[in-house]
Amino acid sequence: MTSSSPRGTRRDVGCTIRLDVHEPSTMALQIAPATMPADRVSERLVVSAADGEPCAVIESTAPHNGRVHVVEAPPGPLTVTYSTSTNSIGPDGPVSGSSLVDDEVITALRQSRYCPSDAIGGFARAELGPPTVPGRTARAVASWVFERVAYISGSSQHTDTALETLMSGRGVCRDFAHLTIAMCRALGVPARFVSVYAPGLAWMDFHVVVEIWCDGRWEVLDPTRLAPRSALVRIATGRDAADTAFMATLRGDVELLSSEVFAVVDGDLPFDDHETVTTLALG
């Protein structure tokens, strides 16, 4: 059985980010959902300096990764405010002709900065046995991570890889995702990192989940099990956290002071048993 959000389900998501810019700087923001234009009901992005003047923002679209907003910021306090209302346009369906020669799938099998799958292969096979059906193998990995790793806010560093998470046995959503991805790749299952807005998240923030390639489509897994998958709103997709950071300083010196995130759905949150095959909306 495959689950997705009903067509037309409205989600209101957004964030407020406060920064201190120490010198003229260039930043890349990945906070806007990677939805199709027809899926966006409304959208507002304002980047304002201390005097209230808006900063120039240029949007670019990175292939497969999502939407990037580049900001030229003057020194001083800076506030980024983003909000959008979006409707579900249905799940990613099977892609005609897709196979393991597809660039996205090949990339999702390779080790990356935070997911050293080559160093974790022996452990993954010892714990979970030889790989079987990709979807079944990946769901077993996600369940293993959920059961063996403790979710503890502030327990990891932004430089931690899947190996540090495995050794410490604790982390936050990015750590759960990195470990799941590394183990999946080590077992031959293409896996990638997805940043999302997550209605129903207990501690509201930007969230991270995993997509695995199975039966011609990308199936979403959440090894933290903290939010219903069918309500998620995709922001950016990549190999690991290096590709999907909500803010990156390209030039200059910028300090993050605070961030606030909101994500709600119209009506009741959907139930998720975290076993049913689920896909994210297109984008």
Put +1 on the Cβ of each Lys and Arg and -1 on the Cβ of each Asp and Glu in segment 103-244; which of 223, 193, 115 then has its Cα farthest toward the positive end of the dipole? 223
Return 11, 44, 113 ranked ascending by Cβ neighbour count within 10 Å, so the fewest neighbours appear first. 44, 113, 11
Mean-square fluctuation check for the chain, GNM, Cα pairs under 10 Å: which of 111, 157, 30 is largest? 157
Percent antiparallel among DSSP beta bridges confined to segment 103-244, rounded to 5, stands at 90 percent
Kindly provide the pair-distance distribution of segment 94-234 built from C-alpha pairs, with 5 Å bins from 0 and whole-percent values in order of increasing distance. 2, 11, 21, 24, 21, 13, 6, 1, 0
Return the long-range amide H neighbours of residue 66 (sequence gap of 5 or more, or a different chain), with a cut-off of under 5 Å between placed amide H atoms. 237
Tell me, what is the percent relative contact order of the chain, built from C-alpha pairs under 8 Å that lie six or more residues apart? 30 percent
No solvent, one uniform scatterer per C-alpha: report log10 I(q)/I(0) for the chain via the Debye equation at q = 0.09, 0.12 1/Å, two decimals. -0.42, -0.74
Helix 134-148 versus the longest principal axis of the chain: what angle, 0 to 90°, nearest 10, using Cα atoms? 70 degrees
Gyration tensor verdict on segment 169-239 (Cα atoms; rounded if a/c is under 1.5, prolate if a/b is larger than b/c, oblate otherwise): oblate
Using unit Cβ charges (K, R positive; D, E negative) and no other charged atoms, how large, in debye to the nearest 20, is the dipole of the chain about its Cα centre? 620 debye
If we count other beta carbons within 10 Å of each Cβ, what is the order of 27, 247, 167, 183, fewest first? 167, 247, 27, 183
Check residue 277: other-chain or 5+ apart residues with amide H under 5 Å from its amide H, H built from backbone geometry? 3
Ranked 179, 226, criterion: other C-beta atoms within 10 Å, fewest first: 226, 179
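Just so you know, all these numbers are worked out from the coordinates, no wet-lab data involved. Nothing here was measured: the structure is a model prediction, and the numbers come from that model. Note that each Cβ is placed from the backbone with ideal geometry, even for glycine, and that neighbours are counted across all protein chains shown.
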